[in-house]
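A.B. asks: Can you keep this structure in mind? I'll have questions shortly.
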Amino acid sequence: MLGSLLVLPALLVIVLLYLYPFGLAVWISFSGEDGFTLEHYQRVYEVYWEDVIFTFWTSFLSAVIAAVLGILIAAYLRLGADDPIKSFINQLYRIPIFLPMVVVAQMMRGFLAPHGTLNMALFNLGLSQPIEFFDWKGLVIGFVWKQAPFMALIILSGFLMVKDEHIEAARVAGASDLRVLTEILLPMTRNTVAIAFALAYASNVATFTLPYMLIGGAKPTAITVDIAHRVTFFGDWATANALGVVSFLLVSVFAVFYLREMVRRGVYER
Amino acid sequence: MSLLELRRVTKRFGKVVAVSEVSLAVGKGEILSLLGPSGCGKSTTLRIIAGLTKPDSGSVIHEGRDITELPPEKRNFGMVFQNYALWPHMTVFDNVAFGLRMRGWARQDIARRVKEVLELVKLSGMESRYPTQLSGGQQQRVALARALAPSPSVLLMDEPLSNLDAKLREELRHELRSILRSLRITTIYVTHDQAEAMALSDKIAVMNAGRIVQTGTPAEIYREPADPFVATFIGESIAVPGSLLSVNGSLGLIRLPNGVQLKARISKASPPSKEALLVLRPEAVSLGEGENSLKCRVSRETYMGERVEYRLECEGVELKLRSLDPVLSVGEEARVVIDPSRAIIVGR
């Protein structure tokens, strides 16, 4: 009984600050003038379904590419020989983590513009027409640029938990660095990698600034841009909330996995 | 010709010299132990041989080829680690099969070989278990099977029995000896346990402060210590400094600080010098009177089960005396004889 009372303040904070606003948003998304309705979800399906699919696959693809790059960076930092280059990369790769998304978006606009750095480089390589990057391509490049270092940081922390002896035993047994990565490091840290992926994917789905500054209202765009558009121009909170619920469903599969892993590992129990 | 050689290998960690100018040679099929106290550089030497640590200078020669720069995965060595280092996400089968897969063996050959080595280490039927489902002794057997499976050219063992309890350690020591003998595999075995080194090795290299101070057969190391460190590190000994007065063949006459003069054998590995050390092991001391004897008083009696051990105060020198049965009591006076063929004089 006393235990339950002691938990109560924390529980109240969670209920009031998190569950109530979330529940209210869900409630509004199902509320019409005559009570319960599915009309907002119907609008989401009719007007924004293409954006829902777009948000899903650009976020997922970006997280996959960022995961691959993050794994490679972490593997180099864990398995590479200690030298000045490694030390330099170890400092350098973290910088994007600390840059706000709006700054990343502004950088990407300059970098990916029709006469931006990337197109000029491609032009110098022989490409005659500039590539249009202010669509899914730019979005994926921006997400990867921002998320790969973050994933590398989390994955490296997992790799560092693997004892040196486990790696050395594999090396003496004949494993190259690549085999050490695929046979020892990744299987022993697969939950850490999955958690890093889930966080990066969820963050991509929830990002507004990058798709807004790169794609804006052009079709297809991200759900977050649609939500802002719905609220700003129509004052339509119900449809905006319905879009929010859909974006929550997009990340919930991975969020459930993340929470289950955290509880299983005992992080929330300590 | 030696199968494996270290030539003047040195390794520093910052200002600490972990391995200093170490040279050694191991013949094919030979079991060599690197024996020494903690921090003497024996594990670093082993890691240099494995390719896990790069030496600052010197070279590692395998079958006449310089492999100092060769990465560990290309050396075809096997290694057993102190903490087993079994991969927890793999079954016993997968752990043992790993080295074979890395070498591109066919699936059926892998299955046959894994079965063979698991039989050798008496773990048949455990293939599908995970390391966490095994006892410490079983895990060490898996580690041995994993190292042996690819038939390595050299087997490296880093204190493989030190995490086991005393009874299991002794049991595994005998099994290990018979396995290594039957396979005739060249082995370098790191240990701080002299009994283990004595029981397992053809040759022992005693290390101290990053250097090899003596290499020889277990009998040579025990009977003919090269310096005071080896004399006191090996066996249960009491060392008393003294002055060498005269040498007569293999025997020397040494004067102890209390003025007592005793005869003892001069170690063949240590050239006679005036500044000497008399090394007395329990087997050199027995109850009796006459020449080479000392007057003693019993200061402590310890019952050890299979024997009784006495601490004796002998004219300012403390000695140990062993007896199968209780023959003295604390405070009692007795004379002990020092056997000159078992007491050893080494140069200081």
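The values are calculated or read from the model by the stated rules, or taken from the named source; none is laboratory data. The structure presented is a predicted model; accordingly, all values stated were derived computationally and were not measured. Quick reminder, even Gly has a Cβ in these numbers, built from the backbone with ideal geometry, and neighbours come from all protein chains shown. Side chains included, ligands, DNA and RNA excluded: accessible areas come from the protein's heavy atoms. Shrake-Rupley method; radii C 1.70, N 1.55, O 1.52, S 1.80 Å.
A.B. asks: With charges set only on the Cβ (+1 for Lys and Arg, -1 for Asp and Glu), what does the dipole of segment A:59-139 come to about its Cα centre, in debye to the nearest 20?
C.D. replies: 120 debye
A.B. asks: Provide, for segment A:14-269, the number of lysine pairs with alpha carbons under 21 Å apart, each pair being eight or more places apart or on different chains.
C.D. replies: Final tally of qualifying lysine pairs is 4.
A.B. asks: With the crude spin-label approximation of a point 7 Å out along Cα→Cβ, what separation in nm comes out for A:LEU6 versus B:LYS54?
C.D. replies: 5.5 nm
A.B. asks: To continue, here is another question. Would you work out the charge dipole size for the protein assembly as shown about its Cα centre, treating the Cβ of every Lys and Arg as +1 and the Cβ of every Asp and Glu as -1, and quote it to the nearest 20 debye?
C.D. replies: With only Lys, Arg, Asp and Glu charged at Cβ, the dipole is about 1340 debye.
A.B. asks: In Å and on Cα atoms, what radius of gyration and Dmax does the protein assembly as shown show?
C.D. replies: Final numbers for Rg and Dmax: 36.0, 120 Å.
A.B. asks: Projecting each Cα onto the charge dipole of the protein assembly as shown (Lys/Arg +1, Asp/Glu -1 at the beta carbon, about the Cα centre), which of A:LEU199, B:SER162, B:ILE61 comes out farthest on the positive side?
C.D. replies: The residue sitting farthest along the positive end of the dipole is B:ILE61.
A.B. asks: Among A:PHE111, A:PRO187, A:PHE88, which residue has its Cα furthest toward the positive end of the charge dipole of segment A:14-269, with +1 on Lys/Arg Cβ and -1 on Asp/Glu Cβ?
C.D. replies: A:PHE88
A.B. asks: Can you give me the accessible area per residue for segment A:14-269, using a 1.4 Å probe, in Å²?
C.D. replies: Per residue, segment A:14-269 has 52 Å² of solvent-accessible surface.
A.B. asks: Which of the pairs B:LYS54/B:LYS115; B:LYS167/B:LYS268; B:LYS28/B:LYS54; B:LYS15/B:LYS54 have their Cα atoms more than 26 Å apart in this structure?
C.D. replies: B:LYS54/B:LYS115; B:LYS167/B:LYS268
A.B. asks: So, one more: Over all residues in B:82-89, what is the mean tally of Cβ atoms on other chains that come within 10 Å of each residue's Cβ?
C.D. replies: Details: counts 1, 4, 2, 9, 3, 9, 4, 8.
What the average comes to for B:82-89 is 5.
A.B. asks: Based on the mean of other Cβ atoms within 10 Å per residue, sort peptides B:116-122, A:141-147, B:263-269, B:285-291 so the most packed one is first.
C.D. replies: The densest-packed peptide leads the list: A:141-147, B:263-269, B:116-122, B:285-291.
A.B. asks: Let me ask something additional. What percentages make up the Cα-Cα pair-distance distribution of segment B:178-319 when the bins are 5 Å wide from 0?
C.D. replies: Result returned by the calculation: 2, 8, 16, 18, 17, 14, 12, 7, 3, 2, 0.
A.B. asks: How many Cβ atoms of partner chains, on average, are near each residue of B:49-56 if near means within 10 Å of its Cβ? Please list the in-between numbers first.
C.D. replies: Numbers: counts 0, 3, 3, 7, 1, 1, 0, 0.
Per residue, the number of nearby Cβ atoms from other chains is 2 on average.
A.B. asks: Follow-up question, since we're still on this one. Considering protein heavy atoms only and a 1.4 Å probe radius, which residues within segment A:148-180 exhibit an accessible-area decrease of no less than 20 Å² in the full assembly relative to the chain by itself?
C.D. replies: A:GLU165, A:HIS166, A:GLU168, A:ALA169, A:ARG171, A:VAL172, A:ALA173, A:GLY174, A:ALA175, A:ARG179
A.B. asks: In whole percent, and with a 1.4 Å probe on the protein chains, what portion of the accessible area of the protein assembly as shown is carbon and sulfur?
C.D. replies: 59 percent
A.B. asks: With the Cα gyration tensor of chain B giving a ≥ b ≥ c as the square roots of its eigenvalues, does the rule (a/c under 1.5 for rounded; else a/b larger than b/c for prolate; else oblate) give rounded, prolate or oblate? The partial results should precede the final answer.
C.D. replies: Details: a/c = 2.98, a/b = 1.80, b/c = 1.66.
Cα axes put chain B in the prolate bin.
A.B. asks: Defining a contact as two alpha carbons under 8 Å apart and six or more residues distant in sequence, what relative contact order in percent does segment B:141-296 show? If you can, show how the numbers build up before the last one.
C.D. replies: Numbers: 191 pairs, mean separation 22.7, N = 156.
In percent, rounded to a whole number, it is 15.
A.B. asks: Now for a different question. For chain B, what is the accessible area per residue in Å² when the probe is 1.4 Å?
C.D. replies: 44 Å²
A.B. asks: Now for a separate question. Suppose we compare each residue of segment B:96-115 in its chain alone and in the full protein complex with a 1.4 Å probe; which ones drop by at least 20 Å² of accessible area?
C.D. replies: Buried by 20 Å² or more upon assembly, which counts only protein chains, are B:PHE98, B:ARG101, B:MET102, B:ARG103.
A.B. asks: Show me the ranking of peptides A:121-133, B:332-344, B:221-233 by mean Cβ neighbours inside 10 Å, starting with the highest.
C.D. replies: Descending packing order for the listed peptides: B:221-233, B:332-344, A:121-133.
A.B. asks: In chain B, which helices (entire DSSP H runs) extend 15 Å or more along their own long axis, judged by Cα positions, while averaging at least 0.5 on the Kyte-Doolittle scale?
C.D. replies: Those that pass (Cα extent of 15 Å or more, hydropathy at least 0.5) are B:92-102.
A.B. asks: Output the relative contact order of chain A, whole-number percent, from Cα pairs under 8 angstrom with separation of 6+ residues.
C.D. replies: Values: 280 pairs, mean separation 77.3, N = 270.
That works out to 29 percent.
A.B. asks: Please give the calculated 222 nm ellipticity per residue for chain B, where each DSSP H segment of at least 4 residues contributes -39500 (n - 2.57) and the sum is spread over every residue; nearest 500 deg cm²/dmol? Spell out each step's value before the answer.
C.D. replies: Working: 8 runs with 84 residues, N = 348.
Calculated from helices alone, the mean residue ellipticity at 222 nm is -7000 deg cm²/dmol.
A.B. asks: Can you give the accessible area of B:TRP105 in Å² (nearest 10), computed on protein heavy atoms with a 1.4 Å probe?
C.D. replies: Solvent-accessible area, nearest 10 Å²: 90 Å².
A.B. asks: Within 10 Å, count the other beta carbons around each residue, average over each peptide in B:139-150, B:165-176, and list them highest first.
C.D. replies: Values: B:139-150: 25.1, B:165-176: 15.0.
Peptide ranking by packing, descending: B:139-150, B:165-176.
A.B. asks: For chain B, just give the cysteines left without a disulfide-compatible partner, judged by no other Cys Cβ under 4.7 Å.
C.D. replies: Here B:CYS40 come out as lacking a disulfide-compatible partner, given the Cβ-Cβ threshold of under 4.7 Å.
A.B. asks: Also, quick follow-up: Accessible area lost on pairing B with A, both sides, 1.4 Å probe, Å² to nearest 100?
C.D. replies: 1700 Å²
A.B. asks: About the Cα centre, and with charges only on the beta carbon of Lys, Arg (+1) and Asp, Glu (-1), how big is the dipole of segment A:93-195? Nearest 20 debye, please.
C.D. replies: Here segment A:93-195 has a charge dipole of around 200 debye.
A.B. asks: Classify chain A as rounded, prolate or oblate, taking a ≥ b ≥ c as the square roots of the eigenvalues of its Cα gyration tensor: rounded when a/c is under 1.5, otherwise prolate if a/b is larger than b/c and oblate if not.
C.D. replies: oblate
A.B. asks: Among the lysines, which fall within straight-line cross-link reach of B:LYS274, defined as a Cα-Cα distance under 21 Å, with same-chain neighbours fewer than 8 residues apart omitted?
C.D. replies: The reachable lysines, counting only those whose Cα sits under 21 Å from B:LYS274, are B:LYS263.
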